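Heads up, the thing below is written out as structure tokens.
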Amino acid sequence: QVQLVESGGGLVQPGMSLDLSCTASGTSSNLYAMGWYRQAPGKQRELVALIASGGTTTYGDSVKGRYTVTTDNAKNTVYLKMDDLEPEDPGVYYCNTGADDDYYWGQGTQVTVSS
């Protein structure tokens with residue numbers, strides 16, 4: 001059973017930056033890709049950024065060029081650097097990964113963008 005713990009959410013003004021991190025524990029197996037999804041009120045959960053075990057990254061169209069996803073494989077941790085935050089970026093950001101044919105979600109961390 002993999003546990004994912006996110007941290008780093010908060011309230012920022014438009015144009016500012018925020019960093020998120022997520023650490024996986026509870027398994028000695030290799031993790032699949034690690035990623036971030038977000039869900040705004042009344043909307044479906046959407047992909048924000050994904051990084052494969054080999055380092056290939058995928059970003060949602062709305063965050064390309066502003067967000068950067070990285071990992072520290074030794075620490076089973078994925079990071080999300082969010083720059084130039086926009087009013088459309090708020091939501092609950094969830095960490096996701098998989099191992100041993102199962103997929104797991106973190107509890108989520110709230111990101112609010114407001115002036």
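The values are calculated or read from the model by the stated rules, or taken from the named source; none is laboratory data. These figures come from a predicted structure and were not determined experimentally. Here Cβ is always computed from backbone atoms with ideal geometry, including for glycine, and neighbour counts include all displayed protein chains. We work out accessible area using only protein heavy atoms, side chains counted, and drop any ligands, DNA or RNA first. Shrake-Rupley method; radii C 1.70, N 1.55, O 1.52, S 1.80 Å.
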Legend entry - the chain - share of DSSP beta bridges that are antiparallel (%, nearest 5): 90
Inset, instruction - Compute from the Cα atoms of the chain the Rg and the Dmax, the latter being the longest Cα-Cα distance, and quote both in angstrom. - result: 13.5, 43
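For a test of the definition: using alpha carbon positions, the gyration tensor, and the 1.5 limit on a/c, classify region 56-115 as rounded, prolate or oblate.
Prolate is the answer for region 56-115, as a/c is 1.5 or above and a/b outweighs b/c.
Which percent of the accessible heavy-atom area of the chain goes to carbon and sulfur, probe 1.4 angstrom? All intermediate terms of the calculation are to be shown ahead of the outcome.
Working: 2820 of 6210 Å².
Ligands and nucleic acids excluded, carbon and sulfur give 45 percent.
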Legend entry - Partner aspartates and glutamates for Lys43 [C-alpha distance under 18 Å; skip if fewer than 8 residues away on the same chain]: Asp61, Glu86, Glu88, Asp89
Legend entry - Listed peptides 21-28, 100-107 by packing density, highest first (mean Cβ within 10 Å): 21-28, 100-107
